[in-house]
Amino acid sequence: MCRLLYVNSKNKFDIKKHLLKFSLLCKSSKEYQGHGWGCAYLRNGEWKYYKNILPIWEDNLMQFGEATRLLVHARSAFQDKDIFVENNMPFYDDKYIFIFNGELRGVKINSEGRIGAEKIFNYIKRFDKGDMFAALKKSVEIIKKRTDYIRAMNIIILDEQQAYVASVFNEDPKYFTMLKKETEENQIICSAAYPNETDWKKIENNFIGVIK
């Protein structure tokens, strides 16, 4: 199961500050998070993308500079299969950026994609009529009904202005509960609290919402 991170700030921040903390929690995770990683970051109004098959804690995290928004995904491939950099998230198009963590068994939806997460991204976009929140809410409810068992389904989707977040799980809340931290300057969502930090709040199970 993968690890997710989203950072949104009123001012520019040093990307490596967050990546170093995130890499530590990935390295120490009870599930192996070393099947590659990727990120998207907003600098001067333009999104930049990066993916590498290395574990995040083995890569050069000093290379990215500053940004005002950041989305990061560390991969734990299902059954250690399909470990190719092309399968690393974020997945993105000209409007949305997507990351996913979870496991679904017996999913009965018709959608294109190399791996399950990409199929879910494309399925959600099918319902987008100019309101991604409505599309996410509708698609999550349909997926629930058409899936034999959802171990977990945590999703973060970004557009130019905000983040759309869904968190659903049926086991291991300590592992699958996403956390958030808000200050006057920053808003952070992560799969776990940064090391040696305690001022994080839980995102409740079955949450679907917009984070501006």
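Restricting attention to the stretch 4-54, which residues are open to solvent by 10 Å² or more (accessible area, probe 1.4 Å), of a type outside the set (A, V, I, L, M, F, W, C), assigned to a strand (DSSP E or B) and within 19 Å of Y92 (Cβ to Cβ)?
Answer for the stretch 4-54, where residues must be open to solvent by 10 Å² or more (accessible area, probe 1.4 Å), of a type outside the set (A, V, I, L, M, F, W, C), assigned to a strand (DSSP E or B) and within 19 Å of Y92 (Cβ to Cβ): N8, Y41, R43, E46, K48, Y49, Y50, K51, N52.
Can you say whether A117 is outside any strand (DSSP E or B), of a type in the set (A, V, I, L, M) and touching a residue at least 24 places away in the same chain (Cβ under 8 Å), as far as the supplied structure shows? Show your work before the answer.
On the way: outside any strand (DSSP E or B): yes; of a type in the set (A, V, I, L, M): yes; touching a residue at least 24 places away in the same chain (Cβ under 8 Å): yes.
For A117, the condition - outside any strand (DSSP E or B), of a type in the set (A, V, I, L, M) and touching a residue at least 24 places away in the same chain (Cβ under 8 Å) - is met.
Name the residues in the stretch 55-93 that are acidic (D, E), modelled with pLDDT of 95 or more and either more than 24 Å from A192 (Cβ to Cβ) or not in a helix (DSSP H, G or I) (or both), would you?
Initially, the stretch 55-93 is screened for residues acidic (D, E), giving 58-59, 66, 80, 82, 86, 93.
Checking the rest, the ones that are also modelled with pLDDT of 95 or more come to 58-59, 66, 93.
Listed by number, the residues that qualify are D59, E66, D93.
Would you be able to say whether some residue in the stretch 46-53 is under 20 Å from E197 (Cβ atoms) and out of contact with any His (no Cβ under 6 Å at 6 or more places or on another chain)?
We begin by selecting, within the stretch 46-53, every residue under 20 Å from E197 (Cβ atoms); these are none.
No, the stretch 46-53 contains no residue that is under 20 Å from E197 (Cβ atoms) and out of contact with any His (no Cβ under 6 Å at 6 or more places or on another chain).
Got a number for residues in the stretch 120-135 being part of a helix (DSSP H, G or I) and free of Cβ contacts under 8 Å to residues at least 12 places away in the same chain? Write out each step before concluding.
Initially, the stretch 120-135 is screened for residues part of a helix (DSSP H, G or I), giving 120-126, 132-135.
So of that shortlist, the ones also free of Cβ contacts under 8 Å to residues at least 12 places away in the same chain come out as 122, 134-135.
Residues flagged as part of a helix (DSSP H, G or I) and free of Cβ contacts under 8 Å to residues at least 12 places away in the same chain within the stretch 120-135 amount to 3.
If the Cβ limit is 6 Å and pairs must be 6+ apart or interchain, which residue in the stretch 95-110 that is of a type in the set (K, R) pairs with which residue that is part of a loop (DSSP other than H, G, I, E, B) and surrounded by fewer than 19 Cβ atoms within 10 Å (Cβ to Cβ)?
K108/R146
So that you can scan it fast, the table gives a plain yes or no per residue for (1) within 22 Å of I188 (Cβ to Cβ); (2) open to solvent by less than 20 Å² (accessible area, probe 1.4 Å):
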| residue | (1), (2) |
| --- | --- |
| L70 | yes, yes |
| A77 | no, yes |
| N88 | yes, yes |
| N101 | yes, yes |
| F121 | no, yes |
| K125 | no, no |
| D128 | no, no |
| K137 | no, no |
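Across the stretch 144-161, what is the number of residues that are within 18 Å of H73 (Cβ to Cβ) and outside any strand (DSSP E or B)?
1
What's the number of the only condition in (1) outside any loop (DSSP other than H, G, I, E, B); (2) among the polar types (S, T, N, Q); (3) touching a Phe, Trp or Tyr at 6+ places or on another chain (Cβ under 8 Å) that S111 fails to meet?
It fails just one condition, (1).
Confirm whether A166 is at pLDDT 95 or above and not in a strand (DSSP E or B).
So A166 fails the test.
The values are calculated or read from the model by the stated rules, or taken from the named source; none is laboratory data. These numbers come from a predicted model, not from an experiment. Glycine also receives a Cβ, built like all others from the backbone with ideal geometry; neighbour counts cover every protein chain displayed. Surface areas here come from the heavy atoms of the whole protein model, side chains and all, with no ligands, DNA or RNA. Shrake-Rupley method; radii C 1.70, N 1.55, O 1.52, S 1.80 Å.
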